[in-house]
Amino acid sequence: IFVAARRRLVSSSLPREEERGVILVFDSNLNYVETIKAPFPLRDIHEIKWFENKLWVVCSFDDMVAIFDGNTWDRWYPLGVPQAGMYDRYHFNSLMFEDKYVWVLAHNRGPSTLLLYDINGRRLLGSISLGEQSHNIWRYKKEILTCSSGTGQILGSSGFKITVGGFPRGVACLNHNIYIGISELAERRERDLTSGCILVYDDNWQIQEQ
């Protein structure tokens, strides 16, 4: 089990430039195994995914995706290497893999964009504008969905819309249920000590519990 640890609160006095995130590794019994450190800064980690025997780490601060194959690290900048001082322009925060393709979500600190790339060549193949300050990408009945955090909704690429309230930022789908993580506040610097909740829906989007 891989767990991304930023090692810095969003309200920390430590400058974001000095953040050095790590990946904590646990076995299936939740016993700590090791800490993986990259040879370059992992700043503002939002999501990690395991795909094709590689660990993909989304680092929003540097508009970068770090890729670890177990021995070496690689850095991928989907929309180009940031110019000096131009940090966190696109605020990449989520990935979704489909066969030989990968979707990358650009939060853009406003209207958001889903970017489609082929994995091998990392070429941009297309894009979809979807949501405000969006987080997470997943498919539901052939439609691509995202948490539109800025509007408190779940939105789909073919017009699906449901209002969940708060600041939806995460999703998990299991056993015909959909779990949506809700933050109380959108403001990052006031979020550390707030208490969010998990909304549980069935696969017809009927609320089950909170």
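The values are calculated or read from the model by the stated rules, or taken from the named source; none is laboratory data. It should be emphasised that the depicted structure is a prediction, and the values quoted were computed from it without experimental measurement. Please note: Cβ atoms are built from the backbone with ideal geometry, for glycine as well, and neighbour counts cover all protein chains shown. Protein only, heavy atoms only, side chains kept; ligands, DNA and RNA dropped before computing areas. Shrake-Rupley method; radii C 1.70, N 1.55, O 1.52, S 1.80 Å.
Amide H contacts of residue 51 (H built 1.01 Å from N, in plane; Pro and chain starts excluded): 56 sit under 5 Å, all sequence-distant by 5 or more or on other chains. Relative protection proxy for 158-167, 108-117, from highest mean packing down: 108-117, 158-167 (other beta-carbon atoms within 10 angstrom). The GNM of the chain, with springs linking C-alpha atoms under 10 angstrom apart, assigns the highest mean-square fluctuation among 118, 62, 88 to 118.
Of 131, 166, 110, which is farthest on the positive side of the dipole of the chain, counting Cα position, with +1 on Lys and Arg Cβ, -1 on Asp and Glu Cβ, and the Cα centre as origin? Working it through, the farthest residue towards the positive pole turns out to be 110.
If you place +1 on the Cβ of every Lys and Arg, -1 on the Cβ of every Asp and Glu, and leave all else neutral, what size is the dipole of segment 1-85 about its Cα centre, to the nearest 20 Debye?
Computed about the Cα centre, the dipole is about 180 debye.
For segment 1-62, GluC sites (Glu not before Pro) are listed when DSSP marks them as loop and at most 16 other Cβ atoms sit within 10 Å of their Cβ; the list is 52. For the pair residue 87 and residue 176 in one chain, pulling the backbone fully straight at 0.36 nm per residue adds 28.1 nm over the alpha carbon distance. Measuring nothing but how far apart in sequence close Cα pairs (under 8 Å, 6+ apart) lie, relative to its length, the chain scores a relative contact order of 10 percent.
Between the entries [x] 33.5, 126; [y] 17.0, 48; [z] 16.9, 52, the label attached to Rg and Dmax of the Cα atoms in Å calculated for this structure is [y]. Can you give me the accessible area per residue for the chain, using a 1.4 Å probe, in Å²? Accessible surface, normalised per residue, equals 53 Å².
About its Cα centre, the dipole of the chain is roughly 340 debye, where the only charges are +1 on Lys and Arg Cβ and -1 on Asp and Glu Cβ. Inter-label distance, residue 54 to residue 20: 2.6 nm, where each label sits 7 Å from its Cα along the C-beta direction. For segment 97-103, the Karplus equation 6.51 cos²θ - 1.76 cosθ + 1.60, evaluated at θ = phi - 60°, returns couplings of 9, 9, 6, 9, 10, 9, 8 Hz by residue, with Gly and Pro reported as x. Overall, the accessible surface of the chain at a probe of 1.4 angstrom is composed of carbon and sulfur to the extent of 48 percent. Calculated FRET efficiency, residue 120 to residue 11, Cβ-Cβ distance, R0 = 41 Å: about 0.50 to the nearest 0.05.
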